[in-house]
């Protein structure tokens with residue numbers, strides 16, 4: 001219990017400090033921070049509909065956060081969650097509008113599977129490049145993000161463009177009703193799926209040999225090799241699974257919320273996944289909590305903009321500050337020797353191409 | 001020796017290609033080369049920024065963010081004061097402040113350097129998004145200054161000697177940083193700190209100070225790149241306008257083997273890919289969807305990184321925080 005309280009303390013402090021600085025920035029721009037935050041809270045939790053919005057916004061963040069966190073545990077920084085997510089979303093949309101005559105469960109299942117698969121394959125590319133050429137995943141994943149965005153822009157503005165309404169907007173046709181993921185009361189089914197995935201990730205990381213190998217490579221790849229771990233395979237499969245989760249998140253977003261693919265609708269989710277992963281200290285349960293927090297902020301941003309006239313971009317600033325303080329928190333704890341026993345250190349900087 | 005002769009072969013092929021292209025279409029060749037140089041400027045500045053940090057052992061993945069915030073504030077300064085050079089000064093200053101933040105996180109707090117840089121990037125995206133204003137503009141951007149006589153040389157003249165001021169400054173900086181790194185005591189200290197900080201420390205070199213100063217210089221260079229984007233290249237600010245240049249710059253730095261002059265040549269290669277993107281789109285000479293042309297520089301970056309296995313060696317202490325004993 002004390003251990004739990006301790007690991008919650010850092011992120012909570014980070015969130016509080018970030019909100020405080022955000023309030024200062026708001027008052028400097030002439031807004032009333034109390035009014036803004038109250039509107040934000042109301043928009044996120046004030047009604048059943050608000051709750052549904054919060055859960056909907058949190059869902060893709062859980063997927064993206066799990067993707068990034070899983071990579072982190074294996075010592076890999078998957079900044080490419082964005083690209084994998086976008087491709088997953090596009091793939092699900094294609095299955096959603098192009099395949100017909102299936103019962104809902106099969107149609108949804110097929111679209112989810114296809115989205116996850118494409119995300120996995122796209123995520124595996126930087127893994128393969130890292131193992132066989134030494135190209136650092138931080139750069140290759142960012143570059144692949146641009147490739148994914150251009151590719152989906154091309155598809156949704158070209159061959160897959162929705163002809164309805166004169167075809168003015170670059171977007172795919174809407175998915176069929178049989179591919180839409182249901183919402184139970186305020187509870188989106190995608191959210192349930194994301195929580196299940198978090199549980200699976202937890203079990204894999206903590207109760208399987210494979211998960212142990214992933215964490216071992218993340219802590220010290222060289223030691224893992226001496227211990228007989230096939231490091232190359234672990235690196236590639238970690239990136240593959242990370243991409244799978246991001247792709248699945250994109251598919252869920254398409255099937256549950258957007259109901260088609262439209263460029264710009266998924267922007268930033270992958271990057272927010274980084275914030276969510278670090279805020280959740282790379283623990284699946286932490287990821288869920290952090291995603292709910294960030295999701296609530298996004299869900300309430302409309303209300304805040306409407307009621308208090310505050311531009312929603314202030315939330316990007318607040319999120320960056322959260323990231324800063326939570327990242328700095330690792331250090332403060334180390335310096336104060338507050339670190340719990342058995343907690344893993346985050347080791348990402350292995351140099352360029354020095355991965356042998 | 002073998003590498004030396006290979007460089008000459010590459011140079012020969014490039015020269016031949018340019019001459020053939022010039023024979024076919026002088027105007028287009030000149031345009032493409034001019035755009036190549038213009039696209040290369042922020043890349044080489046970013047690469048110099050990365051190189052200053054890494055030569056002394058700190059990886060800077062936040063170049064993108066440094067450029068973006070500097071580009072924004074440089075632009076806004078000119079909107080408010082109408083003074084282009086004041087804008088440049090503010091851009092450089094913003095870069096320095098961001099460099100200081102990185103140094104604080106990476107050197108003092110010993111935070112993971114990749115995370116530290118990511119914080120800078122996300123912070124810059126957030127701040128520029130929040131304070132971004134639609135509909136503000138500046139009266140004019142930097143205009144080309146023709147250097148007498150030299151600008152009259154066919155092809156080379158208009159490309160090299162008829163540029164706006166920040167381009168000249170950048171070309172001079174490439175040489176200056178080369179000189180500083182390899183011919184001054186400070187450069188020697190920086191490289192020592194990047195290769196073997198413990199040994200450098202034993203010899204009385206202040207490892208933390210060297211890293212701090214180099215990250216501040218790097219920040220200034222990234223800030224200049226940002227100012228170049230808004231005040232010389234485009235003349236306006238758009239959200240996310242750096243478009244991955246800060247990351248491509250890291251590939252340029254690696255391709256240039258952490259050396260200023262080869263990095264400049266590498267930036268020309270990437271600049272050429274970006275120039276093709278804009279020129280091919282503008283002229284619609286080939287019927288390829290523009291999105292595929294837009295992918296070129298990014299794919300080139302991946303290929304360059306992947307193709308350099310075992311051929312490059314980063315500074316030995318790159319990315320490792322220094323712990324005093």
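Things to note:
- Lone unmet requirement of (1) within 19 Å of residue A:153 (Cβ to Cβ); (2) at pLDDT 85 or above; (3) surrounded by 17 or more Cβ atoms within 10 Å (Cβ to Cβ) for residue B:274: (2)
- In summary, residue A:282 fulfils each of the numbered conditions (1) part of a helix (DSSP H, G or I); (2) within 12 Å of the chain's Cα centre (by Cα); (3) modelled with pLDDT of 85 or more with the single exception of condition (1).
- Residue identified as under 17 Å from the mean Cα position of the chain (by Cα), assigned to a helix (DSSP H, G or I) and in contact (Cβ under 8 Å) with a residue 12 or more places away in the chain among B:218, B:194: B:218
- Members of the range B:122-167 that are in contact (Cβ under 8 Å) with a residue 24 or more places away in the chain, under 18 Å from residue B:228 (Cβ atoms), in contact with a helix residue (DSSP H, G or I) (Cβ under 6 Å, 6 or more places away or on another chain) and outside any helix (DSSP H, G or I): B:138, B:141, B:142, B:164
- Residue B:281 fulfils the conditions (1) surrounded by fewer than 24 Cβ atoms within 10 Å (Cβ to Cβ); (2) at pLDDT 85 or above; (3) in a helix (DSSP H, G or I) except for a single criterion, (2).
- Residue A:236 falls short of the stated requirement of being out of contact with any strand residue (DSSP E or B) (no Cβ under 9 Å at 6 or more places or on another chain) and either farther than 30 Å from residue A:154 by Cβ or not in a helix (DSSP H, G or I) (or both).
- Yes/no for residue B:153 being over 17 Å from residue B:42 (Cβ atoms) and in contact with a strand residue (DSSP E or B) (Cβ under 8 Å, 6 or more places away or on another chain): no
- Residues located in the range B:253-267, provided they are farther than 11 Å from residue B:42 by Cα and either in a helix (DSSP H, G or I) or at pLDDT below 90 (or both): B:253, B:254, B:255, B:256, B:257, B:260, B:261, B:262, B:263, B:265, B:266
- Selection status of residue A:199, in a helix (DSSP H, G or I) and crowded, with 20+ Cβ neighbours inside 10 Å: no
- Within the range A:152-179, being in contact with a helix residue (DSSP H, G or I) (Cβ under 6 Å, 6 or more places away or on another chain) and over 12 Å from residue A:95 (Cα atoms) holds for A:152, A:153, A:154, A:161, A:170, A:171.
- Evaluation of residue A:101 against the conditions (1) at pLDDT 95 or above; (2) away from chain B (no Cβ under 14 Å); (3) surrounded by fewer than 24 Cβ atoms within 10 Å (Cβ to Cβ) shows that the sole unmet condition is (1).
- Restricting B:111, B:105, B:98 to those that are over 21 Å from residue B:137 (Cα atoms), at pLDDT 95 or above and within 14 Å of chain A (Cβ to nearest Cβ) reduces the list to B:98.
- Comparison of B:179, B:228 shows that the only residue that is in a helix (DSSP H, G or I), under 20 Å from the mean Cα position of the chain (by Cα) and without any contact (Cβ under 8 Å) to a residue 24 or more places away in the chain is B:179.
- Residue in the range B:131-138 that is under 18 Å from residue B:223 (Cβ atoms) and either surrounded by fewer than 24 Cβ atoms within 10 Å (Cβ to Cβ) or more than 7 Å from every other protein chain (Cβ to nearest Cβ) (or both) present: yes
- When restricted to residues that are touching a helix residue (DSSP H, G or I) at 6+ places or on another chain (Cβ under 6 Å), in a helix (DSSP H, G or I) and within 14 Å of chain A (Cβ to nearest Cβ), the range B:30-63 contains 8.
- Residues in the range A:125-137 that are touching a helix residue (DSSP H, G or I) at 6+ places or on another chain (Cβ under 6 Å) and in a helix (DSSP H, G or I): A:126, A:127, A:128, A:129, A:130, A:131, A:133, A:137.
- Residue among A:14, A:44, A:36, A:18 that is more than 14 Å from chain B (Cβ to nearest Cβ) and either assigned to a helix (DSSP H, G or I) or surrounded by 14 or more Cβ atoms within 10 Å (Cβ to Cβ) (or both): A:44
- The listed residue being modelled with pLDDT of 90 or more and buried (at least 17 other Cβ atoms within 10 Å of the Cβ), out of A:139, A:125: A:125
- Residue list for the range A:266-284, restricted to those being within 11 Å of chain B (Cβ to nearest Cβ) and crowded, with 24+ Cβ neighbours inside 10 Å: A:272, A:274, A:275, A:277, A:278
- Residue satisfying condition, being within 9 Å of chain B (Cβ to nearest Cβ), farther than 15 Å from residue A:246 by Cβ and surrounded by fewer than 22 Cβ atoms within 10 Å (Cβ to Cβ), within set A:134, A:109: A:134
- Where a residue in the range B:257-280 is free of Cβ contacts under 8 Å to residues at least 12 places away in the same chain and its partner, wherever it lies, is buried (at least 18 other Cβ atoms within 10 Å of the Cβ), with Cβ under 9 Å and at least six apart: B:262/B:255; B:262/B:256; B:265/B:255; B:265/B:256
- Scanning the range A:121-149 for residues that are within 25 Å of the chain's Cα centre (by Cα) and farther than 26 Å from residue B:60 by Cβ yields A:121, A:122, A:124, A:128.
- Residue within the range B:71-87 that is over 18 Å from residue B:232 (Cα atoms) and in a helix (DSSP H, G or I) present: no
- Condition broken by residue A:242, with the remaining ones in (1) modelled with pLDDT of 95 or more; (2) surrounded by 21 or more Cβ atoms within 10 Å (Cβ to Cβ); (3) more than 16 Å from the chain's Cα centre (by Cα) satisfied: (3)
- Unmet requirement for residue B:83, which otherwise passes all of (1) in contact with a helix residue (DSSP H, G or I) (Cβ under 7 Å, 6 or more places away or on another chain); (2) away from chain A (no Cβ under 12 Å); (3) over 30 Å from residue B:31 (Cβ atoms): (1)
- Residues satisfying the stated conditions in the range A:301-346, i.e. modelled with pLDDT under 60 and within 10 Å of chain B (Cβ to nearest Cβ): A:331, A:332, A:334, A:335, A:345
- Of all residues assigned to the range A:141-159, none qualifies as being within 7 Å of chain B (Cβ to nearest Cβ), in contact (Cβ under 8 Å) with a residue 60 or more places away in the chain and closer than 18 Å to residue A:233 by Cα.
The values are calculated or read from the model by the stated rules, or taken from the named source; none is laboratory data. For clarity, every value in this text was computed on a predicted model and none was experimentally measured. FYI the Cβ positions are ideal-geometry reconstructions off the backbone, even for glycines, and counts take in every protein chain you see.
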